[in-house]
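Peer 1: Have a look at this one before I ask anything.
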Amino acid sequence: MIKRIRLIGRSAADDHAASALRDGAFAVTAAPLDVRPARIAVCVALPDVLPDPRFAAVGIEWFRDVGHLERFASWLASLNGSAAGRADESLTAHERALRGADWLERRWHQGGSRLKHMAVARRAADLTPAQFSERWRNRAGRVGAVRIPDRARGQAYVQNHPLTEAGADWPYDAVNEVYFDDADGLRARIAWFAANSSRTAEDDLVGESWFVAVREELLWAEPAHSR
């Protein structure tokens with residue numbers, strides 16, 4: 001799948017920003033069926049779980065292929081798409097579900113909300129986007145040379161690699177998502193990274209990175225038989 005990921009930065013109006021993002025996401029559900037995203041979700045930051053997040057909210061839309069995304073972009077540029085709203089930053093990426101594909105299928109079928117730990121990163125200065133993407137994919141499940149323990153691995157792990165076909169200059173080089181069934185699991189991951197960050201440096205991979213804990217609300221998903 002291909003994702004459009006929209007990022008809302010923190011501000012004094014965080015609650016309003018998250019509400020506006022949700023309103024815009026609901027507006028997208030009015031798109032014609034042949035251009036409407038396959039799924040639409042809004043992720044709202046949980047500062048009581050992970051303080052001082054860089055982002056207040058993240059909007060995500062899924063597309064079956066580039067053609068589907070292009071049809072949606074054309075609709076969005078029209079008057080009918082103007083209500084979808086804007087984000088502070090955005091990127092379009094290939095989704096790679098590296099662990100927990102069956103869990104994710106159940107999650108989309110059941111709908112509702114789930115907890116996630118997200119990381120947004122920029123690559124190390126000496127890496128090209130392609131080099132970074134390959135190194136990141138090969139290092140799944142580890143931070144540096146250290147394996148992430150089972151208690152902090154969650155139910156599903158997704159990497160999002162920004163598209164390079166259009167030569168776009170995206171603001172970030174990576175967005176990952178780790179899903180959890182409950183807050184205890186989410187907090188265990190946050191605690192592990194906080195305790196191990198000093199000995200798991202990834203200077204050969206990451207230049208800058210930011211974590212955010214979110215509650216993901218699925219607003220729309222097309223029926224399985226139509227995929």
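Peer 1: Could you please let me know if HIS117 is out of contact with any Phe, Trp or Tyr (no Cβ under 9 Å at 6 or more places or on another chain) and not basic (Lys, Arg)?
Peer 2: Details: out of contact with any Phe, Trp or Tyr (no Cβ under 9 Å at 6 or more places or on another chain): no; not basic (Lys, Arg): yes.
No; evaluated as a whole, the condition is false for this residue.
Peer 1: Check region 63-71 and report whether any residue there is among the aliphatic types (A, V, I, L, M) and in contact (Cβ under 8 Å) with a residue 60 or more places away in the chain.
Peer 2: Residues of region 63-71 among the aliphatic types (A, V, I, L, M): 66, 69.
From what is left, the residues that are in contact (Cβ under 8 Å) with a residue 60 or more places away in the chain are 66, 69.
Yes, region 63-71 contains at least one residue that is among the aliphatic types (A, V, I, L, M) and in contact (Cβ under 8 Å) with a residue 60 or more places away in the chain.
Peer 1: Going by what's in this entry, would ARG199 be described as modelled with pLDDT of 95 or more and on the phi < 0 side of the Ramachandran plot?
Peer 2: Numbers: modelled with pLDDT of 95 or more: no; on the phi < 0 side of the Ramachandran plot: yes.
Against the criterion (modelled with pLDDT of 95 or more and on the phi < 0 side of the Ramachandran plot), ARG199 does not qualify.
Peer 1: Does ILE5 satisfy the criteria of being of a type in the set (Val, Ile, Thr) and in contact with a Leu (Cβ under 6 Å, 6 or more places away or on another chain)? Talk me through it step by step, then tell me what you get.
Peer 2: Numbers: of a type in the set (Val, Ile, Thr): yes; in contact with a Leu (Cβ under 6 Å, 6 or more places away or on another chain): yes.
Against the criterion (of a type in the set (Val, Ile, Thr) and in contact with a Leu (Cβ under 6 Å, 6 or more places away or on another chain)), ILE5 qualifies.
Peer 1: Residues of region 35-88 being modelled with pLDDT of 90 or more and acidic (Asp, Glu), which ones?
Peer 2: Listed by number, the residues that qualify are ASP48, ASP52, GLU61, ASP65, GLU70.
The values are calculated or read from the model by the stated rules, or taken from the named source; none is laboratory data. Since we're looking at a predicted model, the values are computed, not measured. Note that we place each Cβ from the backbone using ideal geometry, even for glycine, and neighbour counts take in every protein chain shown.
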